[in-house]
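Structure first, commentary second.
The values are calculated or read from the model by the stated rules, or taken from the named source; none is laboratory data. In this text the structure is predicted, and so the values were computed from the model without any measurement. No Cβ is skipped: glycine too gets one built from the backbone with ideal geometry, and neighbour counts run over all protein chains shown. Remember, those area values only see protein heavy atoms, side chains included, never the ligands or the DNA or RNA. Shrake-Rupley method; radii C 1.70, N 1.55, O 1.52, S 1.80 Å.
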Amino acid sequence: MEKGHLSGNTGDGSAQKAKRRKFRKWPWISAAAVLVIAAGAAWAYTRHPDGSGNPITDITSAFKPLGPTNILLIGNNARNPRGPLDIGTQGGGQADIMMLAHIDPAKHTVELISIPRDTLFAMPQYKITIPKIKSLFFIGAQMNPNQAAQLTVAGVEKFTGMPIKYWVATDFQGFADAINAVGSVRVYISGRIYDPWHSGADFFPGWQNLNGNQALAYIRTRQNTYSSAGSNDFVRDDAQAQVLAALQKKLLNRKGDMAHIGSLIRTWYKDVATNMSISELVKVARAVHGAKITHMNLANVGDSMDVMGTAIHGLNQQNYITGAFYDIVNPAQVTKRLAPFGSKGAWTGVALPSPSHVPVEVDASTAYVEKLKAAGYPVTQIGSGGYSSVQIDYPAGHLSWGLQVGRTLATGNSIVQQGSSSPAVVVYGP
């Protein structure tokens, strides 16, 4: 049984991507590696300032204590960019990675906070038909390179409710170059990995010394033909954490890795853009030197859904969004999670209603009915379903109702569209 667009083309390549989109990775390792490499390079620089030929000019400022600090780490997905802030060629040029590093020198910790790149985010002042938070980088880059970072910072400040003082940007080649600058990283691979069509990964079990391209392939593995390893967010997060830990161990130990000072600093100047001075970078390096690094996601697979194009006021200049996969994030939940780090209130510009205010009719199994009732929705079952996937039809003018129901069902690939002929949201499902 099929209903509406349950198996149709959903825009933005969604029909082809629906299944594997559910397992999309959170590519935080590249941005995190930038912080580690920056700290390692600066640490080496303070001990051997002649490594770059430019000694620190304000050494007193560099060694002043650092208070709690937020740094936005940006991974630019541009193809063939002329620099980290360039949109490049053949598409791309968006903030594929956004990670907020909250550094607490007193606790000697670094919390890496992943910003969901596909978050539906209001941009009423811009012409952008797919208003995702990652697109602020592209919008800014079209004005001038520095605006790419500045607009992204402003957006993430709103999204998290946290002030951001510094930013650091690189691209995927920068990650590979950083690994090559220190020679390699040593990681343990628990099982056979073979992914020739996506990441190019080809590894056998055991301890491996990975160069830059190999490490990049390892942490970007999409489909492992030998097992489920590397095929979901959690397995990829484990691999990414492995590489970051190995990199941190090599660079930020008490002895340091002084054999690669020149390469590190050359990599820094070639692959990284930042608004930090050398003195400020040194202060950050001292704060993260040997610090405990932990990681937090602000969304999960269940927050993702395939939203069909629709008229909606205030999200962009067009008052219309193009159909695409979007992450629908609840600002109240983000505020609560980030309150320990100083959040004053998260914002996406997308207001989600209370479930108790959203009437729902369900043409699906009782499992869907029970899940919605447990969340507080007034629910009526109108059929037993039997559909191949989940479709959520909302009445005209009530997109937010459909988005809230999509978040509750949390399938990761529900289709959300205007189309309900009743005054309630209608859910079609298995």
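Some observations on this one:
- Sites residue 180 and residue 107, calculated FRET efficiency, Cβ-Cβ separation with R0 51 Å, nearest 0.05: 0.95
- Label zone at residue 421, where the point sits 7 Å out along the Cα-to-Cβ direction: the stretch 391-409 residues whose backbone N lies under 16 Å: 393-396
- Carbon and sulfur %, accessible surface of the stretch 288-327 computed with the full protein complex present, 1.4 Å: 53
- Within the shell of other residues whose beta carbon sits under 10 angstrom from the beta carbon of residue 111, the net charge comes to +1, with Lys and Arg scored +1 and Asp and Glu -1.
- Every Cα-Cα pair in the stretch 109-157 was counted, and those over 14 Å apart are 50% of them.
- Highest mean packing comes first when the peptides 137-143, 374-380, 286-292, 303-309 are listed by Cβ atoms within 10 Å, giving 303-309, 137-143, 286-292, 374-380.
- Fully extending the segment from residue 339 to residue 275, taken as 0.36 nm per residue of separation minus the present Cα-Cα distance, adds 20.4 nm.
- The stretch 293-365: trypsin sites (Lys or Arg not before Pro) in DSSP loop, at most 14 other beta carbons within 10 Å: 344
- Here the peptides 409-417, 363-371 are ranked by packing, the mean other Cβ count within 10 Å, and the order with the highest first is 409-417, 363-371.
- Across the stretch 93-107, the residues whose backbone nitrogen lies under 20 Å from the label position 7 Å along the beta-carbon direction of residue 347 are 100.
- Each principal axis of the Cα atoms in the stretch 133-208 has its own extent, and those three values, largest first, are 45, 26, 25 angstrom.
- Packing-based ranking of 145-155, 350-360, 111-121 yields 111-121, 145-155, 350-360, ordered from highest to lowest mean Cβ neighbour count within 10 Å.
- Surface accessible to a 1.4 Å probe, per residue, for the residues of the stretch 310-376, Å²: 48
- With all protein chains in place and a 1.4 Å probe, the accessible surface of the stretch 127-222 carries 49 percent carbon and sulfur.
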